[in-house]
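Below is one structure, written out as structure tokens; comments come after it.
Please treat every number below as a calculation from the coordinates, not as lab data. Quick caveat: nothing in here was measured; it's all calculated off a predicted structure. Neighbour counts run over all protein chains shown; Cβ positions are idealised from the backbone, glycine included.
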């Protein structure tokens with residue numbers, strides 16, 4: 001399960017666990033930025049620009065779902081701009097719970113599947129590529145979350 005503060009990834013000769021440790025660490029960075037915020041504060045954006053912290057968590061949850069359940073498992077998924085701008089029904093607690101649940105599902109799939117397993121959708125990539133893509137996307141949004149939180153209330157740190 002993804003913790004709020006997983007340890008900084010160490011070297012690991014097991015490539016799968018190395019990739020999972022980096023993804024887990026970055027998920028923790030995102031979760032630390034939304035931790036302690038009210039639902040209203042989690043929806044804040046600077047001058048109405050960018051994506052809110054709630055939108056980031058919701059987007060990353062959907063991103064993992066699309067790549068693991070969709071591209072890798074071949075299940076029907078969808079993409080919609082509304083994931084970046086969640087409606088009033090999504091709370092911080094609900095978004096964090098969904099992100100943690102998705103992390104568990106992703107990690108279980110990765111641990112049970114060859115890194116060489118090709119995507120069922122898209123065809124030219126495999127699970128290794130998907131993992132690197134998830135790490136890249138999560139890192140980009142963790143930086144975005146860091147900036148948004150600092151602009152919101154001055155909280156800085158990893």
* **Ranked 85, 99, criterion: other C-beta atoms within 10 Å, fewest first** => 85, 99
* Angle in degrees between helix 15-34 and the longest Cα principal axis of the chain, rounded to the nearest 10 -> 10 degrees
* With the contact rule set at Cα under 8 Å and sequence spacing of 6 or more, what percent relative contact order holds for the range 74-130? -> 27 percent
* At what distance in angstrom do the alpha carbon centres of the range 94-158 and the range 1-55 lie from each other? -> 9 Å
* C-alpha long axis of helix 127-153 to longest principal axis of the chain, angle in ° -> 10 degrees
* How much length, in nm to one decimal, is gained on full extension between residue 147 and residue 128, taken as 0.36 nm per residue of separation minus their Cα-Cα distance? -> 3.9 nm
* Structure fact -> For residue 155 and residue 140, extending 7 Å from Cα along the Cα-Cβ vector and measuring point to point gives, in nm, a value of 2.5 nm
* Structure fact -> Subtracting the Cα-Cα distance of residue 77 and residue 121 from 0.36 nm times their residue separation yields 14.7 nm
* Asked: For the chain, modelled as a GNM with alpha-carbon contacts under 10 angstrom, which of 143, 70, 11 fluctuates the most?
  -> 11
* When only C-alpha pairs under 8 Å and at least 6 residues apart count, what is the relative contact order of the chain, in percent? -> 31 percent
* Note the angle between two axes, namely the Cα long axis of helix 92-111 and the longest principal axis of the Cα atoms of the chain, as a number of degrees from 0 to 90, rounded to the nearest 10. => 10 degrees
